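Q: What follows is a structure written as C-alpha cells; I'll ask about it next.
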Amino acid sequence: MSATVDLVIRDALLVTPEASRHGAVAVDDGRIVAIGRSEAMPPARRVIEAGGRPLIPGALDVHTHVREPGFSHKETWATATAAAAVGGVTTIFDMPNTNPPTANAAAVREKIAIAARQAHVDFGVYGYVGEANLGDLQPMAQAGASAFKLFLGSDNPLVPCPNDGAVLDALALIRQTGLRCTVHAENTPILNWRGAQLKAAGRDDLAAHLAQHADIATVEAVQRIALFAEWTGCKIHIAHENCGHALPVIAAAKRRGVAITAETCPHYLLLSMDDAERAGGNALRVKPPVREAGHAAALWAALLDGTIDMISTDHAPHPVEEKHRASIWETSPGFPGVETSMRLMLTEVAAGRLTLQHYVRLACEAPARAFGLWPRKGALMVGADADLVLLDLDHRETIRGATFQSMGKVTPFEGRKTQGRAAMTFLRGTCVAQDGQVIAPPGTGRALRTA
C-alpha cells in the first residue's frame with residue numbers, strides 16, 4: 001500500500017453477509033487495501049464521509065439481455081451498463097440470444113469488443129449451447145465466455161432448444177471448461193403443444209400466455225436438467241425461477257450434492273397475475289411468466305432458506321410499441337430490471353422482509369461465488385476489487401420508466417414507490433454513478449474471466 005491511497009470512504013456501516021460494523025475502507029489501484037477504523041486509514045487523494053450510511057459490495061446481475069449485436073434499437077451496451085451503474089450493479093452477464101447469437105469463439109470476441117468500447121461496468125458474456133455447435137464450446141471458453149446458456153424452453157429460431165442427447169454431450173464438454181451452464185428450464189414440446197392449442201382456440205390474452213407455460217413444463221425441465229447435471233458433473237444454474245412447484249426439485253438436487261444454483265427475479269417475488277391490469281396488461285408478458293398469487297410466497301421462503309441462491313433480473317428491454325400490442329403472441333416478452341432491482345429489494349429490507357446482510361448475500365456474494373468471481377467480486381475485503389455501493393436507505397422515489405437510463409421504458413413497476421437506492425456506485429474505486437446519474441465514460445467497464 002502506498003503512503004497516500006486513491007480513495008478512503010470513512011464513517012460507513014460496512015455490510016457483509018456475516019456482519020455489519022462501522023468503519024472505513026481504503027482503496028488504491030482499483031483494489032481494497034485496508035478496512036478498519038476511520039482514524040486508522042492512510043491519507044487519500046479523495047476522502048468521502050459516508051455519514052454512517054451502509055457501504056456494500058457492488059451487486060452482480062448474471063442474467064441480462066443487452067441486445068447488441070443485432071438489436072441495438074432495443075438496447076446498447078452503453079445504455080444497459082449505464083442502467084446497471086445507476087442501479088448499484090457493477091457486474092452484468094449478457095445472454096447469447098443476439099443476432100448473430102454468441103455461438104462460437106469469433107462471436108464471443110466480437111461481443112466483448114463491442115462491449116469494451118461502451119461499458120460503464122464490468123461484464124461477462126454467455127456462450128450459446130446448441131446441437132450444431134458442440135465443437136465450439138471449449139473454444140468459446142478459451143475466447144473469454146464467462147458461462148454458457150442452455151435454452152430448454154425456446155421458440156426463438158436464433159437459439160433453439162437442443163435435443164437431450166446434445167444436451168448431455170454439451171454438459172460433459174462444459175464440465176471440462178470449469179464454467180457454469182445457466183438453464184432456461186421449461187419443456188419446449190409442452191410449450192409448443194399448448195401454445196398451438198390456445199392459438200387454435202382463438203386465445204390471445206395474457207392468461208393464455210400463462211396457460212401455455214404450465215407449471216409442469218417447468219417442474220419437468222428442472223428435474224431433467226438436475227439429473228443430467230448429476231450424471232455429467234457439470235455445474236448448472238437455474239435461470240429466472242418463477243414456480244413454487246419446482247422448488248422441492250431444486251432442494252432435493254442440492255441435498256444429493258448436485259452442483260446446482262438458482263435465481264429468481266423481483267417481478268416473480270413482488271407481482272402476480274392479480275397485478276396484470278395495473279402493470280399494463282399484455283406488457284406484463286415475460287418468459288417464464290409472472291404466475292398466480294401464491295407462488296411468490298414460496299419463492300420468498302426459498303430465498304430465505306437457501307433453496308434459491310441469488311437475485312437476478314432477466315433485464316430484457318423492448319421499444320414501447322412492442323410491449324403494447326393487442327395480441328399476447330405479438331407482444332415482446334420481458335422488460336428492463338437492472339436499474340430498479342436494488343431499489344425494489346431495499347424497499348423490502350425497509351419493510352422487514354429480509355435483512356440488509358441477507359440482501360448482500362443474494363445480490364453480491366452468491367452470484368460471485370457461483371460464477372467463479374469471488375472474492376475478487378461481491379466481497380468487502382482486502383484484495384477485492386473496489387466495486388462498492390454507498391446506500392441511501394432513506395431516499396424515497398416513484399419508479400417512472402421515462403426516467404430510465406435503459407432504452408426500455410416499459411416496466412411493470414411503473415408508479416411503485418420505493419425506499420432506498422444506490423447513492424454512489426464505484427467500479428474498482430472509480431465513481432461511475434451518483435444520485436441517479438452516470439458520471440464515468442463509456443469504456444470504463446472490463447470483460448471478466450471466470451473460473
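The values are calculated or read from the model by the stated rules, or taken from the named source; none is laboratory data. This is a predicted model, so every value here is computed, not measured. Ideal geometry is used to build each Cβ from the backbone, glycine not excepted, and the neighbour counts take in all protein chains shown.
Q: Regarding residue 348, is this residue in a helix (DSSP H, G or I), under 21 Å from the mean Cα position of the chain (by Cα) and either at pLDDT 95 or above or surrounded by 22 or more Cβ atoms within 10 Å (Cβ to Cβ) (or both)?
A: So residue 348 fits the description; yes.
Q: Which of the following residues is of a type in the set (A, V, I, L, M), crowded, with 19+ Cβ neighbours inside 10 Å and assigned by TED's automatic domain parsing to the domain that holds residue 264: 106, 12, 24, 83?
A: Among 106, 12, 24, 83, only 83 is of a type in the set (A, V, I, L, M), crowded, with 19+ Cβ neighbours inside 10 Å and assigned by TED's automatic domain parsing to the domain that holds residue 264.
Q: Has segment 367-375 got at least one residue that is under 20 Å from the mean Cα position of the chain (by Cα), surrounded by fewer than 18 Cβ atoms within 10 Å (Cβ to Cβ) and either modelled with pLDDT of 95 or more or under 28 Å from residue 10 (Cα atoms) (or both)?
A: Yes: segment 367-375 contains one or more residues that are under 20 Å from the mean Cα position of the chain (by Cα), surrounded by fewer than 18 Cβ atoms within 10 Å (Cβ to Cβ) and either modelled with pLDDT of 95 or more or under 28 Å from residue 10 (Cα atoms) (or both).
Q: Confirm whether residue 297 is part of a helix (DSSP H, G or I), in the same structural domain as residue 363 (by TED's automatic domain parsing) and over 20 Å from the mean Cα position of the chain (by Cα).
A: So residue 297 fits the description; yes.
Q: Within segment 31-95, which strands (runs of 3 or more DSSP E) (wholly inside it) include 2 or more residues that are of a type in the set (Gly, Ala, Ser)?
A: Output list reads 31-36.
Q: If you don't mind, another one. For the subset of segment 265-284 comprising residues that are among the hydrophobic types (A, V, I, L, M, F, W, C) and part of a loop (DSSP other than H, G, I, E, B), which member is surrounded by the fewest Cβ atoms within 10 Å (Cβ to Cβ)?
A: 276
Q: Just to be sure I understand, how many residues within segment 351-366 are over 24 Å from residue 148 (Cα atoms) and either part of a helix (DSSP H, G or I) or modelled with pLDDT under 95 (or both)?
A: 5
Q: May I pose another question? Looking for something under 28 Å from residue 135 (Cα atoms) and in contact with a His (Cβ under 6 Å, 6 or more places away or on another chain) - is there at least one such residue anywhere in segment 214-237?
A: No, segment 214-237 contains no residue that is under 28 Å from residue 135 (Cα atoms) and in contact with a His (Cβ under 6 Å, 6 or more places away or on another chain).
Q: Something else now. For segment 400-416, give me each residue that is touching a residue at least 60 places away in the same chain (Cβ under 8 Å) and not in a loop (DSSP other than H, G, I, E, B).
A: Result: 401, single match.
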